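Each reported figure results from applying straightforward, stated rules to the coordinates on display, with no laboratory input. Since this is a predicted model, take the numbers as computed values, not measurements. Cβ coordinates were reconstructed from backbone atoms using ideal geometry, including for glycine residues, and neighbour counts include every protein chain displayed.
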Amino acid sequence: MGKLDGRVVIVTGAARGQGEQEARLFAAEGARVVVADVLDDQAEALAKELGALHVRLDVSKEADWDAAVAATKEAYGRIDGLVNNAGILRFNSLVDTPLEEFMQVVQVNQVGCFLGIKAVAGEIAAAGGGTIVNTASYTAMTGMAAVGTYAATKHAILGLTRVAAMELAQQGIRVNAMCPGAIDTAMSNPALLDPDADAEEMSKAIGDLYRKLVPLGRIGRPEEVAKLALFLTSDDSSYITGQPFVIDGGWLAGVSIL
Ligand code: NAD
């Protein structure tokens, strides 16, 4: 028996990285998964491999959410869960950030999360209750220079999570947030996507960095975040709602002087 047998779960940003691992683990645990992303070819290939449904979804567009919900209901008849995983990161100091860049990150990370909650809550309630898991970040809990726009949106996601949890509890919907530290995906290691970059050298530099920064001495794996998403989506977390869950190898525990 799988932990998600019979449940229908939409995962946004599921073409690669953490979303991909969440889609894979959820499918292995018996869920009917909806692989939602703007990367058509990768999302389609993954959905085919998993026997899942692929929908093209730009999370910042309300019409795309309406279409994704309609396609999911047509294919599976119901929606029991959502993982708001899609996100983007831009490096800049706050005073150098053009408004257009700030708004782009807000549109995807923050508005995308809001629209997802709004689009699926009624459907999850109609299915008798379920779960929403929002992907925030380590930078939702603390500041980090050079990623101010991103950090602002991730703080906002915690606000959305807490309010949604309070407003949707009566409908049997639990809403929680994940706060990953550094996770080994294209977001933290863009060299993985750059055919001209020396990905091995970059991975070594990243390994050296997190060996010093993080008490557990390494960067996190997307599969580890997927296990937290599974916990928060399954009945194992049945009495938990409105909470942020830090998954960061101990990075937030304190400042190291060694
Ligand atoms: P990633 O860049 O590999 O994956 C992000 C996915 O989101 C991609 O598949 C991308 O196509 C998709 N996406 C981007 N914009 C979209 C849009 N408008 N609509 C739909 N899909 C869109 O990075 P990841 O590490 O897998 O990131 C997943 C989530 O985890 C993000 O919300 C990110 O902010 C968060 N996060 C990542 C880290 C990290 O260190 N990698 C740390 C903390 C939080």
Revision key, fill the gap. Taking a straight Cα-to-Cα line shorter than 19 Å from K227, and setting aside same-chain lysines fewer than 8 residues away, one finds K3
Exercise for review: Check cross-link reach from K204 to the aspartates and glutamates: straight Cα distance under 17 Å, and skip same-chain residues fewer than eight apart.
Suggested key: D184, D194, D196
Practice item. Convert each backbone phi in the range 190-203 into a coupling constant with the Karplus relation 6.51 cos²θ - 1.76 cosθ + 1.60 (shift: θ = phi - 60°), then list the ³J(HN,Hα) values in order as whole Hz, x for Gly and Pro. Key: x, 4, 4, 9, 9, x, 8, 7, 8, 4, 5, 5, 4, 4
Practice item. Would you be so kind as to identify which of L216, T233, M202 lies farthest towards the positive end of the dipole of the range 181-252, taking Lys and Arg as +1 and Asp and Glu as -1 on Cβ and the Cα centre as origin? Key: L216
Practice item. May I ask you to list the lysines whose Cα is less than 22 Å away from that of K118, ignoring any residue fewer than eight positions away on the same chain? Key: K61, K73, K154
**Study point:** Per-residue [θ]222 nm for the chain (sum of -39500 (n - 2.57) over DSSP H runs n ≥ 4, rounded to 500)
**Key:** -13500 deg cm²/dmol
Check your understanding: Build a GNM of the chain with springs between Cα atoms under 10 Å: which of A156, A52, A75 gets the top mean-square fluctuation?
Key -> A75
**Study point:** Modelled FRET efficiency - R0 41 Å, Q42 with S238, Cβ distances, 0.05 increments
**Key:** 0.75
Check your understanding: Over the range 1-131, what is the mean sequence separation of C-alpha contacts under 8 Å (at least six apart), divided by residue count, expressed as relative contact order in percent?
Key -> 25
Check your understanding: What does the chain give for Rg and for Dmax, in Å, if only its C-alpha atoms count?
Key -> 17.7, 57
Practice item. Using a Gaussian network model of the chain whose springs link C-alpha atoms within less than 10 Å, name the residue from A151, A15, A191 with the highest mean-square fluctuation. Key: A191
Practice item. Quick one: angle between helix 62-76 and the longest Cα principal axis of the chain, in degrees between 0 and 90, rounded to 10, please. Key: 50
Point to revise | Rounded tilt (10° steps) of 40-50 against the dominant C-alpha axis of the chain | key: 60
Point to revise | Length released on extending from Q170 to K227, taking residue separation times 0.36 nm less the Cα-Cα span | key: 17.9 nm
Review point. Any idea how far the Cα center of the range 170-230 sits from the one of the range 1-52, in Å?
Key: 19
**Study point:** Equivalent ellipsoid dimensions for the range 191-236 as semi-axes, Å, which come from the Cα gyration tensor, largest first
**Key:** 28, 16, 5
Review point. Using unit Cβ charges (K, R positive; D, E negative) and no other charged atoms, how large, in debye to the nearest 20, is the dipole of the chain about its Cα centre?
Key: 800
**Study point:** Farthest positive-ward along the chain dipole, Cα basis, beta-carbon charges - from A52, G13, V175
**Key:** V175
Point to revise | Tail beyond 14 Å, pair distance distribution of the range 45-119 (Cα, percent) | key: 67
Practice item. Quick one: angle between helix 112-126 and the longest Cα principal axis of the chain, in degrees between 0 and 90, rounded to 10, please. Key: 30
